[in-house]
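Down below is the structure, laid out as structure tokens.
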Amino acid sequence: MSKKASSINAEKAKPSKSIGAKDERILKIREKSGYMTLKLTNYILYIAVIILFFTRASMAALFICVSLVIVQFLSSILFASYYSKRI
């Protein structure tokens, strides 16, 4: 009887391992896509700041774009620090 019980437990454990592997893969995909999104938005903001600077736009618009770049940079550092401690 104990062999049957152990074989039943082993059969139940197999699907959970495959589900766990899929979850890890999904997490890696989300991490990579989040990082690429961050890079893309950073480049867009840098280009916007350069365009605003050379077109001599108002200082308010330039200040807003520069502050967005700074906030995004600081938030990426803070979130990376927070999640590295949490994991």
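For the reader, a short list of remarks on this structure follows.
- Derived scalar couplings between HN and Hα for the stretch 43-59 equal 4, 5, 5, 4, 5, 5, 5, 5, 4, 5, 5, 6, 8, 6, 6, 4, 5 Hz in order, rounded to whole Hz, by the Karplus curve 6.51 cos²θ - 1.76 cosθ + 1.60 (θ = phi - 60°), x for Gly and Pro.
- Solvent exposure of Phe79, expressed as accessible area, is near 120 Å², computed with a probe of 1.4 Å over the protein chains only.
The values are calculated or read from the model by the stated rules, or taken from the named source; none is laboratory data. What you see is a predicted model, and the numbers here were worked out from it, not measured in a lab. Ligands, DNA and RNA are stripped out before the accessible areas are found, and what is left, the full protein with its side chains, is counted by its heavy atoms. Shrake-Rupley method; radii C 1.70, N 1.55, O 1.52, S 1.80 Å.
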